[in-house]
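The values are calculated or read from the model by the stated rules, or taken from the named source; none is laboratory data. Predicted model, so just to flag it, every value in this text is computed and none were measured. As a convention, Cβ positions derive from the backbone with ideal geometry for all residues, glycine included, and neighbour counts pool all protein chains shown.
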Amino acid sequence: MSESDNTANGPDPAATPPLDESIRQVSQASRATVDAAKHSFRSLRRLASADFALARSAFGRALAWAGVAIVFGASAWLLMAATLIALLQSWGMSWLHALLITSLLSLAITGVAAWRVSYFFHHTGMHSTRRQLSKLGLFDEPGDEEDPDAGVKIPEGKP
C-alpha cells in the first residue's frame, strides 16, 4: 500500500487534535458566539431606545404643530368676521374681498401647520428599529419581503 492510499481512506490520526483540545476550541467558539449575541442585543436595545426618544420628541412637536393648525383653523372664522367688519368700515371693501383675504391667509397657515404635523409624525414610525428587527427576522411586515441578494420581490405566502 502506498501513502496516497492511506490518506484517501480518511484523515491522518496524527493531524487531528486530542479530544480535550477539540472540546476547549468548541467551548471558546460558543463563548465568542454568546458574547457576540449579547453585543448584538445590547446594540439593538440602544437603537430601540434612541428610536423611542426620537419618536417621543417628534410626537411632541407634531402635537404642537397640530395645536397651531387647530388654533388657526378655528380662529379663521373669527379673523374673517373681524377683517370683514374692519375692511367694510375703513376701506369700503365688499364682503367678498374681506372674506377672500382672510380665508387665504388662514388656509395658508393651516396648510403649513398640517405639513409640519405630517413631517413630525413620520418620525414616530420607528423606522430604524423596524428595519433592524426585519433583518433579524423578528418583525416582518406583510408585503415587504424582498430577497436582497436576488433583488426580486417574493410573493406573499411563499417561502
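Given the options 53, 98, 36, name the one that is surrounded by 12 or more Cβ atoms within 10 Å (Cβ to Cβ) and of a type outside the set (Phe, Trp, Tyr). Just one listed residue meets the conditions, 98.
Restricting the first residue to the range 119-139 and requiring it to be part of a helix (DSSP H, G or I), which pairs with a second residue that is among the basic types (Lys, Arg) and surrounded by 15 or more Cβ atoms within 10 Å (Cβ to Cβ) meet a Cβ separation below 7 Å and a spacing of at least six or different chains? Close Cβ pairs satisfying both conditions: 120/61. Quick check on the range 106-121. Is at least one of its residues loosely packed, with under 14 Cβ neighbours inside 10 Å and modelled with pLDDT under 85? No, the range 106-121 contains no residue that is loosely packed, with under 14 Cβ neighbours inside 10 Å and modelled with pLDDT under 85.
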